[in-house]
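The values are calculated or read from the model by the stated rules, or taken from the named source; none is laboratory data. Keep in mind it's a predicted model, so treat the numbers as computed, not measured. Backbone-built Cβ (ideal geometry, glycine too); neighbour counts: all protein chains shown. Each accessible area value is taken on the protein alone, full model and side chains, heavy atoms only, with ligands, DNA and RNA left out. Shrake-Rupley method; radii C 1.70, N 1.55, O 1.52, S 1.80 Å.
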Amino acid sequence: MKERLPSLVAVLLLGLLVLGTWWASDYALRSIQIDPPRRITHERDSWSDRFTMVRTDAQGRAINRLEGAAMEHFPDTGAYEITAPRAVGHQPGSPITEGTADHGTLEERSDRIVLNGNAHLKRLPDADHQLLDVRSTQLIIEPDRDLVHTDRPAVVINGHSTLRGKGMRYDNRTRQLTVTAASDVKISGEDQAARNAGSKKNAQP
């Protein structure tokens, strides 16, 4: 019995040490306040006045530019809300486009810019293209596809011709313009003559 006594005392002391350590750890955890997980709300986490974003291609050429009077980022949607946005597209081989509005949203994946309130898009004229002017309450720009569209009423001025309708789609790569449910179309004589001349030229061998 006397030979076992030191072993029993050692086991007892070890057990007391383990219990004491557990109690101290539990007491410390209960004493220290742990912050709950942060709730993601619609509160801006970053913002800026008079900002400019520039996107370049693999060759380092600027192909998209987005600027505005103010910008706010919201973590719940991942979107940038922009005051007085101006979006400029300059894809190689395509005419320059410029979109403006009262307010804009750059969506989380940066693949769509939604222009709201006095939305206005211009395809600037050059040696080969006339001015294309589009106005609506909302226009959606897809910079990667060089595309603009809306499902709302729109007024499109293409050269000297005017088209009105509900819904519009313009592909700046192919220069294809589609106005859905057109309610008013006015083709100028100058544009019609140019179209006829183009048709005859294409028909020649």
Q: May I have the pair-distance distribution P(r) for the stretch 49-160, computed from all Cα-Cα distances with 5 Å bins from 0 and rounded to whole percent?
A: 2, 12, 22, 24, 20, 12, 5, 2, 0, 0
**Q.** Dipole magnitude of the stretch 125-178 about its Cα centre (Cβ charges: Lys, Arg +1; Asp, Glu -1), debye to nearest 20
**A.** 320 debye
Q | Computed FRET value (nearest 0.05) for Ser48 with Ser25, which takes r as the C-beta separation and R₀ as 45 Å | A | 0.45
Q: Arrange the residues Thr174, Thr105 by how much accessible surface each exposes, largest first, with a 1.4 angstrom probe.
A: Thr174, Thr105
Q) Where does each of Leu106, Leu124 land when they are ordered by accessible area, with a 1.4 Å probe and the largest first? A) Leu124, Leu106
(Q) Just to confirm, what accessible area per residue do you get for the stretch 57-172 at 1.4 Å probe, in whole Å²? (A) 46 Å²
Q. Of all accessible surface on the stretch 39-144 at a 1.4 Å probe, what whole percent is carbon and sulfur?
A. 47 percent
Q) Where the centre of each part is set by its Cα atoms, how far does the stretch 113-187 sit from the stretch 52-105, in angstrom? A) 18 Å
Q: Within the stretch 103-176, list the trypsin sites (Lys or Arg not before Pro) lying in a DSSP loop whose Cβ has at most 16 other Cβ atoms in a 10 Å radius.
A: Arg109, Arg173, Arg175
Q: Using only Cα positions of the stretch 88-139, each an equal point scatterer, no hydration layer, compute I(q)/I(0) via Debye at q = 0.20 Å⁻¹ and quote the log10 values to two decimals.
A: -0.74
Q: Provide the net charge surrounding Pro75, with neighbours chosen by a C-beta distance below 9 Å and charges set as Lys +1, Arg +1, Asp -1, Glu -1.
A: -2
Q. Each label point is 7 Å from the Cα along the Cα-to-Cβ direction; what then is the distance between the points at Arg175 and Ala62, in nm?
A. 2.6 nm
